[in-house]
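Visitor: One structure, pasted below without further comment.
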Amino acid sequence: MSSYASEHENTRGSADEGKAREAVSRPKVMVIVQEGRPLPPLERLEAEADVAVVRTADEFRAAQPGTEILFLNDFRTKLLREVGPGELRWIHTSSIGVDSLMTREIIDSDIVVSNSRGVCERPIAEWVLGVLLMFTKDLRRTIELQQARTWQHRETEPLLGRKVLVVGPGPVGRETVLLLRAAGMDVDIVGRSARNDAQLGHISGFDDLDRLLGIADDVVLTLPLTEETRGLFNSSRFKKMQPGARLVNVGRGAVVVEQDLLESLDSGRLGGAALDVFEHEPLDAANPLWSRRDILVSPHASGDLIGWRGKVVDCFARNLSLWKANEPLNDVVDLKKLDPSASAMAPKRP
C-alpha cells in the first residue's frame, strides 16, 4: 500500500511541491454519519486533516472530489452502493463488520479497508454472558415477580458446564468463546472450515454445524452478513437444534429468519432468544418481537460502552498517522477473502 505522498515524489522541486506537502499533512477526510445520530468527537482530528461530515447522497457527492479517505461511522449506510466510492483509496469503518463495503466496485478495487478492531469485541462478549445468565437464572421472571410483590421460590439452571455453540469465530466470536469458557461453560465453535487454533483449540467446519446444533443448550451467532449467511438460521435449521435451546444473535439480524424464529418459539422447539440485531433496524413498533416474554430485544447496543465513539476516533487517528507516514495500516480487512463468489467453503442453507 502506498500513501498519497508516494504519488507526489516526482513533484519535489516543482511549483506544486507546497500543495503536495499540504495534501499529505492535512488530507481531506469524509466522515459518513447516520442522519439523526450524534457526531463522534471529531475535534481530535482537527490538527491532522480537513474533515467533512456527510449524511446524505448529495453531501457525499459534493465532498468526493479530491478526497481519498473515508471514515465510515454508519455501518448501515447505502451511500457507497448508491453513489460509488469515487476517488477513495482508504476506508476505515467504526465497526468490525464491513457489510456496506461489499460491493463489486470496492471489492475489485485497490481501496484499502481497515476496521476498528478492539473496541467492541469484549463488550459484546460480556453482553452474551449477561443474557445467558439472565436466561439460566430466570432474572426476567424475578423482576416481574418483584414488580407484582410476589414471593415465589424457584429453582434455576446452572451455568457451569452448559453446552454452548458459537457460530462465527471472528474477533467477536473469539472473545465470546474465551469469556464463556472462563465462566465455566463448554463451548464448541463452528467456522468456515475445520482447523485448529492456537488460542481457541479445534474449530469445526460448517459441514458439522447441524450435528453440533443438536447438542447445544445455547447457540450464539457472531456471523457477518453475506449472501451465504443471509437466512442461514431458518425453520429447517431451528428444527436441528436441541429442544428448549436458546438462540443469541449479536452478528447481523438477517442471518435469522425472524418469522421462523417466532414459529419455533411458539411450537416449543426453542426455549428463548436474545437479539441485539435485526433484519430491519430500528425495529418497527408493530413488530411482534417486542411483546414476547421469551425474546430479549436489544437496540443493537451490545458493544457500545460509554466512550466508544472516542475510542473509534482514536483507532482512525492512529491509522491516519500511519497513512500519512506511508506505513502499513492496522487492522486491514481483505474484502476479497469475504467475497462469497470466491468461497467454496460457504455454509449451505437447508
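Visitor: Expressed in nm to one decimal, what extension gain is obtained for the pair ARG230 and ARG37 from 0.36 nm per residue of sequence separation less their Cα-Cα distance?
Guide: Contour length minus Cα-Cα distance gives 66.8 nm.
Visitor: For the chain, what is the calculated [θ] at 222 nm in deg cm²/dmol (nearest 500), taking -39500 (n - 2.57) for each run of four or more DSSP H residues and dividing by its residue count?
Guide: Calculated at 222 nm, the ellipticity per residue is -8000 deg cm²/dmol.
Visitor: With a point put 7 Å past each Cα toward its Cβ, work out how far ALA47 is from ARG61 in nm, to one decimal.
Guide: For the pair ALA47/ARG61, the computed spacing is 3.8 nm.
Visitor: Right, another one. How big is the Cα convex hull of segment 75-194 in projection, averaged over all directions, in nm²?
Guide: Taking a quarter of the hull surface, the average projection is 11.0 nm².
Visitor: Here's a follow-up. In whole percent, what relative contact order does the chain give with Cα contacts below 8 Å and a gap of six or more residues?
Guide: 16 percent.
Visitor: At q = 0.26, 0.31 Å⁻¹, what log₁₀ I(q)/I(0) does segment 121-163 have when each alpha carbon counts as one equal point scatterer in the Debye sum?
Guide: Here the Debye-derived log intensity ratios amount to -0.91, -1.05.
Visitor: Hey, any idea what % of segment 94-209's accessible area is carbon plus sulfur with a 1.4 Å probe?
Guide: 51 percent
Visitor: Which value, in Å to one decimal place, does the Kirkwood hydrodynamic radius take for segment 128-197 when every pair of different Cα atoms is included?
Guide: Details: mean 1/r = 0.0720 Å⁻¹.
Taking every pair of different Cα atoms in segment 128-197, averaging 1/r and inverting gives 13.9 Å.
Visitor: I need to check one value: relative contact order of segment 171-306, counting alpha carbon pairs closer than 8 Å and at least 6 residues apart, in percent.
Guide: Worked out over segment 171-306, it gives 17 percent.
Visitor: So what J values fall out for segment 270-286 if you push phi through Karplus, 6.51 cos²θ - 1.76 cosθ + 1.60 with θ = phi - 60°, rounded to Hz, Gly and Pro as x?
Guide: 9, x, x, 8, 10, 10, 9, 9, 9, 4, 10, 10, x, 5, 4, 4, 8
Visitor: Further question: Per residue and in cubic angstrom, what volume does the convex hull of the Cα atoms of the chain have? Display every interim value, and only then the final one.
Guide: Working: hull volume 53.7 nm³, N = 350.
In the chain, the Cα hull volume divided by residue count equals 153 Å³.
Visitor: Need one number: nm distance between label points at ASP339 and ASP266, each 7 Å from Cα along Cα→Cβ, rounded to one decimal.
Guide: 4.2 nm
Visitor: Turning to a different aspect of this structure: Please work out the C-alpha center-to-center distance from segment 25-87 to segment 208-261 and express it in whole Å.
Guide: Between the Cα centres of segment 25-87 and segment 208-261 lies a distance of 35 Å.
Visitor: May I ask you to work out the translational diffusion coefficient for segment 198-350 at 10 °C, viscosity 1.306 mPa s, via Stokes-Einstein with Rh from the Kirkwood sum over Cα pairs, reported in whole µm²/s?
Guide: 89 µm²/s
Visitor: Separate question: Count the DSSP beta bridges whose two residues both fall in the chain, then state the antiparallel fraction as a percent rounded to the nearest 5.
Guide: Working: 4 of 43 bridges.
Rounded to the nearest five, the antiparallel share is 10 percent.
Visitor: Whole number in Å², please: accessible area per residue of the chain, 1.4 Å probe, ligands, DNA and RNA not counted. Could the numbers behind the result be given before it?
Guide: Working: 17040 Å² over 350 residues.
Per residue, the chain has an accessible area of 49 Å².
Visitor: Taking amide H positions as placed 1.01 Å from N in the peptide plane, with prolines and chain starts having none, which residues 5 or more places from GLU68, or on another chain, fall under 5 Å of its amide H?
Guide: The list, which skips near neighbours in sequence, is LYS28.
Visitor: Which value in nm describes the separation of the simple spin-label points at THR142 and ASN326, placed 7 Å from the Cα toward the beta carbon?
Guide: In this crude label model, THR142 to ASN326 measures out at 6.0 nm.
Visitor: How would you order 173-180, 230-237 from highest to lowest mean count of nearby Cβ atoms within 10 Å?
Guide: Working: 173-180: 22.1, 230-237: 18.2.
Put in order of decreasing packing, that is 173-180, 230-237.
Visitor: Can you run phi through the Karplus equation (6.51, -1.76, 1.60; θ = phi - 60°) for segment 126-136 and list ³J(HN,Hα) in whole Hz, with x for Gly and Pro?
Guide: 3J(HN,Hα) across segment 126-136, in whole Hz: 5, 5, 4, 4, x, 6, 5, 5, 4, 5, 5.
Visitor: What are the ³J(HN,Hα) couplings of segment 57-73, residue after residue, when phi is run through the Karplus curve with 6.51, -1.76, 1.60 and θ = phi - 60°? Round to Hz, x for glycine and proline.
Guide: Values, residue by residue: 4, 5, 5, 5, 4, 5, 8, 5, x, x, 9, 10, 10, 10, 9, 8, 10 Hz.
Visitor: Collect residues whose amide H, placed 1.01 Å from N in the peptide plane, falls under 5 Å from the amide H of VAL248; neighbours closer than 5 in sequence don't count.
Guide: VAL219, VAL220, LEU221, ALA274
Visitor: Hey, what angle do you get for helix 171-182 against the long axis of the chain, alpha-carbon based, 0 to 90 degrees rounded to 10?
Guide: Helix 171-182 and the main axis of the chain meet at about 40 degrees.
Visitor: Further question: On the protein heavy atoms, probe 1.4 angstrom, tell me the percent of accessible surface of segment 237-350 carried by carbon and sulfur.
Guide: Heavy-atom surface of segment 237-350 belonging to carbon and sulfur, 1.4 Å probe: 54 percent.
Visitor: Another question, if that's okay. Mind ordering 68-79, 326-337, 303-314, 181-192 by average Cβ neighbours within 10 Å, highest first?
Guide: Ranking, from highest mean packing down: 68-79, 181-192, 303-314, 326-337.
The values are calculated or read from the model by the stated rules, or taken from the named source; none is laboratory data. Because the structure is predicted, anything quoted here is derived from the model rather than measured. Cβ atoms come from the backbone with ideal geometry, glycine included; neighbour counts cover every protein chain shown. Heads up: the accessible areas ignore ligands, DNA and RNA and are worked out on the full protein's heavy atoms, side chains in. Shrake-Rupley method; radii C 1.70, N 1.55, O 1.52, S 1.80 Å.
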